[in-house]
Amino acid sequence: MPADQSPKIVIVDESPIRAAILEEGLREAGYVDVQHIREMHNLLARIYALDPDVIVIDLENPSRDVLEQMFQVSRAVRRPVAMFVDQSDAESARASVEAGVSSYIVDGLKKERIKPILDLCISRFNAFSKLQDELERTKSALEERKIIDRAKGIVMKLKGLTEDEAYVLLRSTAMREKKKIGEIAQSIITAAELLK
């Protein structure tokens, strides 16, 4: 989404009055593309159909079931989610954070607070997403390193090479085959397991 373009925001709220307050606050804050979902039935499908940039959930007195449904939405969509609730407890707040809710605001439905809350929500979501991506890259690199080390061990044993020589052989084979060294290593492991 271009920086100068207003994000598409979806409000999830069964109360038309509360949703109107939120929508008015969003429009006053400069957000022009605002949609409202009133029905909780098939909520995830409705959100996917609208494909918003930010989701604002407003719950008056959320039951455990409603909160769990909202948490499922939060986990599934990978978008910034701001959740406004009138009443809460420590466990609900903790569960919302674990579910990926970017901002969990108790007794906070005041239209003048909406823009700073959404700005924080988006910023927090982006920071968390960046951390998640870095964690995934690190895990992937670690897994690849394990596979390469295992393949080096197989090559060392079969060809009577040193560790450095086995690595050079893996690397040169990867370059010649125009593949990643991890792919070559995985092929060696797979072949070795087949030949056991």
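The values are calculated or read from the model by the stated rules, or taken from the named source; none is laboratory data. Note that this is a predicted model, so its numbers are computed, not measured. We place every Cβ from the backbone using ideal geometry, glycine too, and count neighbours over all the protein chains shown. Note: accessible area is taken over every heavy atom of the protein model, side chains too, but ligands, DNA and RNA are not part of it. Shrake-Rupley method; radii C 1.70, N 1.55, O 1.52, S 1.80 Å.
Anything in the stretch 30-52 that is within 19 Å of residue 121 (Cα to Cα) and crowded, with 18+ Cβ neighbours inside 10 Å? List them, or say none.
31, 34, 47, 52
Let's see how each residue does on (1) hydrophobic (A, V, I, L, M, F, W, C); (2) at pLDDT 85 or above; (3) in a loop (DSSP other than H, G, I, E, B):
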{"site": "1", "(1), (2), (3)": "yes, no, yes"}
{"site": "6", "(1), (2), (3)": "no, no, yes"}
{"site": "11", "(1), (2), (3)": "yes, yes, no"}
{"site": "48", "(1), (2), (3)": "no, yes, no"}
{"site": "55", "(1), (2), (3)": "yes, yes, no"}
{"site": "70", "(1), (2), (3)": "yes, no, no"}
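Restricting attention to the stretch 66-86, report how many residues are touching a Gly at 6+ places or on another chain (Cβ under 6 Å) and hydrophobic (A, V, I, L, M, F, W, C).
1
May I ask you to list the residues in the stretch 101-152 that are open to solvent by 60 Å² or more (accessible area, probe 1.4 Å), in contact with a Ser or Thr (Cβ under 8 Å, 6 or more places away or on another chain) and either assigned to a helix (DSSP H, G or I) or modelled with pLDDT of 80 or more (or both)?
120, 124, 128, listed by residue number.
Being assigned to a helix (DSSP H, G or I) and of a type in the set (Gly, Ala, Ser) is the filter here; which residues of the stretch 153-168 pass it?
153, 166
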